[in-house]
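Chemist: The structure follows.
The values are calculated or read from the model by the stated rules, or taken from the named source; none is laboratory data. Computed from a prediction, not measured in an experiment: that's the story for all the values here. Counting neighbours? That spans all protein chains shown, and the Cβs are built from the backbone with ideal geometry, glycine included.
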């Protein structure tokens, strides 16, 4: 897993925090110093937190679960959509639909409605509808696609969410808390790191900072998905080899039984043949001619 470096975060401006008067005291462990009334974030701790979050995300992706990315800030939405779409994870970059997690069944109905509209637009009966109704259906489809198109593949609640700016996305954070869903988040010096499970202290306003951290997360997810695919392929190969060995052993047993059966039949046929031969010899008349007995006549001796 490629790790982000200190210089990359420094060049991205991830160390700049907010003004001192806007700080959250819970961020004190992650603040390095104050300069010109602005807090400076300790990037060494940022790197440690990025590695921790990336490792957790990798395991979630390896298990085949989904991670929902939430970033509705103007400077973050395009970046998140660009990086997250590469790993086929759901994301929300427009307005957060209230109750998306706590009332997930209703959101799924809206997604199914979008699918129904697609089927209607593809059918020949769509041309029979009036032009005004067709325009209304197309506008509704565009609106649903804009708000819910990125989560159309989310069939169940996500296993975790990643948030950019927990203050702006406080509704999403509250819903995740209510459902005990783990939260990964970029927290600035004005945010509360205790409200999330995996805080990443960094500048959540600079686009370069957001891009560097989100890319590190998506790289970890991609690696987890690759390992999952590798394990699947390896398991399939092992199963094929095991099945081949089983078939080979079965064939060997069958061959042995077949040889034994052939040998047994051969012995039976040999015995039967010997028996038939002996019976033929008994019943068959002799071909030799009977030997005639010679009668020996004794000559009488002369009388004296």
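Chemist: Of the conditions (1) more than 30 Å from residue 14 (Cβ to Cβ); (2) surrounded by 16 or more Cβ atoms within 10 Å (Cβ to Cβ); (3) modelled with pLDDT of 85 or more, residue 103 satisfies every one except a single condition; which number is it?
Modeler: Exception for residue 103: condition (2).
Chemist: Is at least one residue of the stretch 86-99 part of a helix (DSSP H, G or I) and surrounded by 17 or more Cβ atoms within 10 Å (Cβ to Cβ)?
Modeler: Yes, the stretch 86-99 contains at least one residue that is part of a helix (DSSP H, G or I) and surrounded by 17 or more Cβ atoms within 10 Å (Cβ to Cβ).
Chemist: Let me ask something else. Quickly run through the stretch 62-82 and pick out the residues that are within 19 Å of residue 10 (Cα to Cα) and touching a strand residue (DSSP E or B) at 6+ places or on another chain (Cβ under 6 Å).
Modeler: Correct list: 76 only.
Chemist: Then there's this: Does residue 11 meet the test of being over 20 Å from residue 199 (Cβ atoms), touching a residue at least 24 places away in the same chain (Cβ under 8 Å), more than 25 Å from the chain's Cα centre (by Cα) and not in a loop (DSSP other than H, G, I, E, B)?
Modeler: Judged against the criteria, residue 11 is a match.
Chemist: Let me ask you something else. Take the stretch 33-61 and flag every residue that is touching a helix residue (DSSP H, G or I) at 6+ places or on another chain (Cβ under 8 Å) and not in a helix (DSSP H, G or I).
Modeler: Selection gives 34, 37, 38, 39, 41, 42.
Chemist: Give the residues of the stretch 112-162 that are assigned to a loop (DSSP other than H, G, I, E, B), touching a helix residue (DSSP H, G or I) at 6+ places or on another chain (Cβ under 7 Å) and either at pLDDT below 85 or farther than 27 Å from residue 72 by Cα (or both), sorted by residue number.
Modeler: Answer for the stretch 112-162, where residues must be assigned to a loop (DSSP other than H, G, I, E, B), touching a helix residue (DSSP H, G or I) at 6+ places or on another chain (Cβ under 7 Å) and either at pLDDT below 85 or farther than 27 Å from residue 72 by Cα (or both): just 152.
Chemist: Could you check the stretch 167-208 and list, in sequence order, the residues that are part of a helix (DSSP H, G or I) and surrounded by fewer than 17 Cβ atoms within 10 Å (Cβ to Cβ)?
Modeler: 170, 171, 174, 177, 178, 194, 207, 208
Chemist: Count, please, the residues in the stretch 45-61 that happen to be out of contact with any strand residue (DSSP E or B) (no Cβ under 8 Å at 6 or more places or on another chain) and crowded, with 19+ Cβ neighbours inside 10 Å.
Modeler: 3
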